[in-house]
Structure formats: structure tokens, C-alpha cells
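Encoded as C-alpha cells, the structure appears first; notes follow it.
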Amino acid sequence: MLDTPIRQRDRLAAELAGVLLEHGGENYALFGHSMGALLWFDTCRVMMAQDFRMPSQLMVAGERAPQKPNRDTPIYQLSDADFRWVRRVMNCCK
């Protein structure tokens, strides 16, 4: 547990691409959810730029496409009334 954490997503993507390259002869697919979806997307972009063998499928969930802007107002910027409505709709924090 002496490894230094990687704090930049692009650096982590490059490292993951290198690991996948080590196993280059195998057919594989990638799945990522939320932050994992963004990370695998970035990893595939690194792999394409370096002409690495690509996965047969990239499956992502729980995150919008990176090129799509987030149009949702952050919950911390909602008015009190809107915040209470979101809490009620999400059925949390009774």
C-alpha cells in the first residue's frame, strides 16, 4: 500500500491503456459506471491516439456523454422550495 494515488484522470487513463496493452492478444470488452464510464472513455481515447488494439465493446452507464454539457442546476444552488421538492421526489431525508 505504498503506491502514490493518481489524481489526474488523464494520467490514470494512460496507465490503464498501458495495462491493457500488456494483455493485447486477448479479446475484451470494457464496462464503466459513473466515474468508471468517464475513465474507460478517456482510456479508449488514449488507446486510439496510440493505435492500440481497441475493445470489442465499450459499455457505459450512469454518466452523460462527455461532450454533452450538464444542464442540471447543482442541488446546492436550488432555492429552498426546489430543494424540498427534489427531496420529496427522490423520497429521501424525510
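Annotations
- When every residue of segment 29-46 is checked against the conditions, none turns out to be in contact with a His (Cβ under 6 Å, 6 or more places away or on another chain) and in a loop (DSSP other than H, G, I, E, B).
- Residues that are part of a strand (DSSP E or B) and small (G, A, S), drawn from segment 47-61: A61
- The residue that is surrounded by the most Cβ atoms within 10 Å (Cβ to Cβ), among those in segment 55-65 that are within 20 Å of E15 (Cβ to Cβ) and in contact with a helix residue (DSSP H, G or I) (Cβ under 6 Å, 6 or more places away or on another chain), is V60.
- Test: residue in segment 10-28 that is at pLDDT below 85, assigned to a loop (DSSP other than H, G, I, E, B) and among the acidic types (D, E): yes
- Looking at R64, R71, R84, just one residue is at pLDDT 80 or above and assigned to a loop (DSSP other than H, G, I, E, B), and that residue is R64.
- Flag for P5 being surrounded by 10 or more Cβ atoms within 10 Å (Cβ to Cβ), at negative phi and part of a loop (DSSP other than H, G, I, E, B): no
- Within segment 37-53, the residues that satisfy the criterion of being surrounded by 12 or more Cβ atoms within 10 Å (Cβ to Cβ), under 14 Å from A14 (Cα atoms) and either modelled with pLDDT of 90 or more or of a type in the set (A, V, I, L, M) (or both) are L38, L39, W40, F41, D42, T43, C44, R45, V46, M47.
- Selection of first residues in segment 61-76 that are in contact (Cβ under 8 Å) with a residue 12 or more places away in the chain and of second residues that are in a loop (DSSP other than H, G, I, E, B) and surrounded by 10 or more Cβ atoms within 10 Å (Cβ to Cβ), restricted to Cβ pairs under 7 Å at least 6 apart or on distinct chains, gives the following pairs, ordered by first then second residue: G62/S34; E63/S34.
The values are calculated or read from the model by the stated rules, or taken from the named source; none is laboratory data. Keep in mind that what you see is a predicted model, and the values were worked out from it rather than measured. Counting neighbours? That spans all protein chains shown, and the Cβs are built from the backbone with ideal geometry, glycine included.
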